[in-house]
Amino acid sequence: MPEPCAYFRGEYMNPKDAKIGIMTHAFHYGTATFGGLNATWDEEKEQFCIFRILDHYRRQLTACKMLHIKLPFTEHEMAAITVEAVRRTGFRQNVYIRPVAYKSSESLGVRLHDLDADWTVIATVLPPFSSKSGLRCSTSSWVRTSDNQILTHGKICGGYVNGALAKTEAQLTGFDDTIMLTAQGHVSEGAVTNTFIVVKGRLITPAPSDGILLGMTRDTVMQLARNELGLEPIERSIVRSELYEAEEAFFTGTYSGVVPIIEVDLRPVGAGEPGPITLKLQSMYRELAMGRNPNYSDWYTFLKPE
């Protein structure tokens, strides 16, 4: 029977058998980095496509540097371990991949230095992401952390409490998701996603200086817009009013892909339905994630299940 697979302390096993102690530093202080990758199942070709795997691991190694985590792996070794973990699951459906590099010392005390570190990766199945016809979003009362508070260009585990607070607030008050602002009032990102808007036909996304993660899907969509649609993405600060003026808006993320936003703060975005640029990018990204666009073959890692 297919089952999730983890690589943990040099061995492949079911994730339920991979244990850490309750004194583990990362458990207490969030001193860890993580990633998220998809192994997209192509039913027709009976194979997986893992998208931009080396880029994901290069980014994680950069985040490790930020947290003084030293791993004995290169991005190519991490990729090979990941491919084997996905293969061992035996699944014939989309597989979600979660690599985590963490301070593994069983030692209390707030610090980053003189601590051991380890790396694990989990290959499992998550429920399909569903956004219906688009998301109804709020702007959050929770301010997005700045890069001088928690490093925003790395997926730092402790920093995601910020997004969790914002997402819960939104959903408990009747919205699907939320958009976080910086302390200066600039649009930053969703709880776990990057943000794009279309204003007067121009594709705009917050600048790296506005507390955003430099998302892999964000970068992919920017390249698709430039190469396939002839739209040059604009990276700049966005004020709240522009969310209400936008003709289109959408989130991007590895798990979710391209997700239309149809309402912000009880105001319709454009006509209150996904716009043409959003739908084109959504369709192109889906094809790309399955490995079906030969123009981007360097981004693809194909594998067959066991």
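When TYR244 is tested against the conditions (1) assigned to a loop (DSSP other than H, G, I, E, B); (2) out of contact with any Ser or Thr (no Cβ under 7 Å at 6 or more places or on another chain); (3) within 26 Å of LYS167 (Cβ to Cβ), the lone failure is (1). Filtering the range 261-306 to residues that are part of a strand (DSSP E or B) and buried (at least 21 other Cβ atoms within 10 Å of the Cβ) leaves ILE261, ILE262, VAL264. Scanning the range 216-240 for residues that are assigned to a loop (DSSP other than H, G, I, E, B), under 17 Å from PRO260 (Cβ atoms) and open to solvent by less than 10 Å² (accessible area, probe 1.4 Å) turns up nothing.
Selection of the range 15-49 for residues being more than 17 Å from ARG87 (Cα to Cα), part of a strand (DSSP E or B) and polar (S, T, N, Q) yields THR24, THR33.
On the given criteria, is SER105 farther than 16 Å from PRO15 by Cβ and open to solvent by 70 Å² or more (accessible area, probe 1.4 Å)? Taking the combined requirement at face value, the residue does not satisfy it. Does SER140 qualify as being surrounded by fewer than 18 Cβ atoms within 10 Å (Cβ to Cβ), over 30 Å from PHE48 (Cβ atoms), of a type in the set (Gly, Ala, Ser) and in contact (Cβ under 8 Å) with a residue 40 or more places away in the chain? For SER140, the condition - surrounded by fewer than 18 Cβ atoms within 10 Å (Cβ to Cβ), over 30 Å from PHE48 (Cβ atoms), of a type in the set (Gly, Ala, Ser) and in contact (Cβ under 8 Å) with a residue 40 or more places away in the chain - is not met.
Is there a residue in the range 112-130 that is closer than 14 Å to ALA191 by Cα, of a type in the set (Ser, Thr, Tyr) and open to solvent by 50 Å² or more (accessible area, probe 1.4 Å)?
Applying the first criterion (closer than 14 Å to ALA191 by Cα) to the range 112-130 yields none.
No, every residue in the range 112-130 fails to be closer than 14 Å to ALA191 by Cα, of a type in the set (Ser, Thr, Tyr) and open to solvent by 50 Å² or more (accessible area, probe 1.4 Å).
Residues that are open to solvent by less than 30 Å² (accessible area, probe 1.4 Å) and over 29 Å from GLY253 (Cα atoms) were ranked within the range 1-39; the one that is nearest to the chain's Cα centre (by Cα) is THR24.
Determine which member of the set GLN93, GLN60 is open to solvent by 30 Å² or more (accessible area, probe 1.4 Å) and in contact with a strand residue (DSSP E or B) (Cβ under 7 Å, 6 or more places away or on another chain).
Values: GLN60 fails: open to solvent by 30 Å² or more (accessible area, probe 1.4 Å).
Every option except GLN93 fails the conditions.
The values are calculated or read from the model by the stated rules, or taken from the named source; none is laboratory data. Note that the coordinates shown come from a computational prediction; the quantities given were computed from them, not determined experimentally. Heads up, the Cβs are rebuilt from the backbone with ideal geometry, glycines too, and the neighbour counts pull from every protein chain shown. Just so you know, the surface numbers come from the protein's heavy atoms only, side chains and all, with ligands and any DNA or RNA stripped out. Shrake-Rupley method; radii C 1.70, N 1.55, O 1.52, S 1.80 Å.
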